[in-house]
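Have a look at the structure below before the remarks.
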Amino acid sequence: MMNRQLPPGEASRLSARVAGPVEAFFVRNIRWLPWVHAVMFVVFVSLILVPALLSDPAENAGPLDHLAVFANLALWGLWFPLLLLSVLATGRSWCGLLCPMGAASEYASKHGLRLSPPRWLTWPGTPVLSFIVVTILGQTTGVRTHPEAAAEIFGGTMAAAIILGWLFAPGKRPWCRHACPIGLLLGVFNRLSIVDFAPKRPEPGGDRWNDKGACPTMIDLKHKTETRHCIECFRCVSPPAPGGLFLRLRRPGEEIEQIAKRNPNLSEVLFLFLGGGVALGGFLWGVMPLFNALRDGIGEWAIDHDVMWLLESGPSWLMSVHPDRREVFLWLDFVMITGFMAATMLAFTVGLSLLTMIASWLAGLAGAKGTLRSRFLELGYQFTPIAMVSLLLGLGGGLFTALKSVGLPPEAVSAMKIALFAGGIIWSLWLAWRILATQNVTGGRSLPALVPGLVGTVAVALAWWPALF
Ligand code: SF4
Ligand code: SF4
């Protein structure tokens, strides 16, 4: 405890009381982690791969009647939404303590070719692209409905994690650091969490990449200021040692309030916009009459102009082809879903970028420090809470379906969703206020620069409205 450099205040007292014992517990028991990973690997195979090999369940089968129904509930009703929620309270504990994909990737890396990660892999846009591709493929193959699609997406992700681990970076997790779409998601939202691993003896100079140290995600420990790549493996923690990192608890959102000093970067901000947009598009196409009208119009055009390939079905790894379940996508559906999601993503990104740009410009007029670009980067993070709520209610919507199926009245579930959105809007606004304060724009002077962000968060909530209620 002597080495802990805690900031003053309530959070530091709580941190000292709670974080110390938690840290000691994990350091003491970290040797069991390979066993945990082995169990998780078996669970992964049972829930992701086995259901695809079984015959279809009866139409009214419940979770206890058929593994495929159970796996679907476990995956989309529990795992994904709870994973997102858990980030706030426990950071990326899933990645460091439980995820079988990351563990398999690291294991492969210890026995692989140990090549240096190539530039295409370390490019900051790689995980953003990976998220977009996986989200679109998930929609066209029906990942939330068909066990074959879940096996393809998650099995493919596992295979990619192992192959990249085997090829690159000795004994590390290049997949987790540079390419995993879930890691990117958890990393951005980890900045909101109450968990931080901080250097006992920090050195100035900002965050760096270092594949020679103890960290599996190649964080240069002494220079660590951001939490996004930290998977909470506890390997850098040794309570009696004078160096290394220590676990501290902090206020939710503290890192984003101080984002100027915590390595803000364009790829994350773009991910908030692009990722939020593509996820929104993935939900809107299923509920918007406009989508069906467009599809019918293009279908008629294809018949009139003899473009018959559009009306044929494609490969089942690319689109949903399940005649037994009365769902067969044509190339027309594939093109429409992909195009609709891409268009929504672009519209969403352009809209939020413009609003953030206007907020940055107004902050400049009010005397904010920094350049227009630096203010844009910092203020872009204000959308993190509303993006998190959107993804929770969208991709994690199975949780609310499950809540209804266990007897919670639909009105109560709707009230929960509205409360979550309201909380996301208020938190986003609060973060904008705090970020502006770090730019030296305080009090009434910050009000004009808050308006574009408020318009953006409310617009995001309204855009999700038809998909969710
Ligand atoms: S980054 Fe991805 S593969 Fe790595 S541990 Fe996290 S979820 Fe698993
Ligand atoms: S910073 Fe420490 S706890 Fe975080 S991933 Fe690296 S070694 Fe693990």
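The values are calculated or read from the model by the stated rules, or taken from the named source; none is laboratory data. Bear in mind the structure is a predicted one, so any value in this text is a computation, not a measurement. Ideal geometry is used to build each Cβ from the backbone, glycine not excepted, and the neighbour counts take in all protein chains shown.
For L362, the requirement of being in contact with a Pro (Cβ under 9 Å, 6 or more places away or on another chain) and closer than 25 Å to A437 by Cα is met. In the range 200-231, of all residues being hydrophobic (A, V, I, L, M, F, W, C) and within 13 Å of ligand 1 (Cβ to nearest atom), the one that is surrounded by the most Cβ atoms within 10 Å (Cβ to Cβ) corresponds to I231. Contact annotation: no residue pair with Cβ atoms under 6 Å, 6 or more positions apart or on different chains, pairs a residue in the range 20-36 that is farther than 21 Å from P240 by Cα with a partner that is not in a helix (DSSP H, G or I).
Exactly one residue among L318, L280, L311 is at pLDDT 95 or above and surrounded by 14 or more Cβ atoms within 10 Å (Cβ to Cβ), and that residue is L318.
Yes/no matrix, rows are residues, columns are (1) away from ligand 2 (no atom under 13 Å from the Cβ); (2) not assigned by TED's automatic domain parsing to the domain that holds A24:
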| residue | (1), (2) |
| --- | --- |
| L184 | yes, no |
| E203 | yes, no |
| T225 | no, no |
| R248 | no, no |
| E268 | yes, yes |
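When the range 144-167 is filtered for residues that are away from ligand 1 (no atom under 13 Å from the Cβ) and buried (at least 24 other Cβ atoms within 10 Å of the Cβ), the ones remaining, listed by number, are P147, A150. Considering only residues in the range 148-182 that are over 30 Å from G253 (Cβ atoms) and touching a strand residue (DSSP E or B) at 6+ places or on another chain (Cβ under 7 Å), the one that is farthest from ligand 2 (Cβ to nearest atom) turns out to be L167.
Scanning the range 182-192 for any residue that is in contact (Cβ under 8 Å) with a residue 60 or more places away in the chain, more than 16 Å from ligand 1 (Cβ to nearest atom) and over 21 Å from A103 (Cβ atoms) turns up at least one such residue. Taken as a whole, the condition of being surrounded by fewer than 19 Cβ atoms within 10 Å (Cβ to Cβ) and at pLDDT below 95 applies to L290. Once the range 205-223 is narrowed to residues that are away from ligand 2 (no atom under 11 Å from the Cβ) and on the phi > 0 side of the Ramachandran plot, the residue that is nearest to the chain's Cα centre (by Cα) is G206. Inside the range 111-129, can you point out the residues that are part of a loop (DSSP other than H, G, I, E, B) and either within 9 Å of ligand 1 (Cβ to nearest atom) or closer than 30 Å to R251 by Cβ (or both)? Residue satisfying the conditions is P124 alone. Yes or no: G102 within 16 Å of ligand 2 (Cβ to nearest atom), closer than 30 Å to A343 by Cα, crowded, with 20+ Cβ neighbours inside 10 Å and among the small types (G, A, S)? It is false that G102 is within 16 Å of ligand 2 (Cβ to nearest atom), closer than 30 Å to A343 by Cα, crowded, with 20+ Cβ neighbours inside 10 Å and among the small types (G, A, S). When F197 is tested against (1) among the hydrophobic types (A, V, I, L, M, F, W, C); (2) buried (at least 23 other Cβ atoms within 10 Å of the Cβ); (3) more than 14 Å from ligand 1 (Cβ to nearest atom); (4) at pLDDT below 95, exactly one condition is not met: (4). Of all residues in the range 234-290, those that are within 16 Å of ligand 1 (Cβ to nearest atom) and within 22 Å of the chain's Cα centre (by Cα) total 5. Number of residues in the range 67-97 that are under 26 Å from V22 (Cβ atoms) and more than 8 Å from ligand 1 (Cβ to nearest atom): the value is 16. K172 satisfies every condition listed in (1) within 13 Å of ligand 1 (Cβ to nearest atom); (2) modelled with pLDDT of 95 or more except (2).
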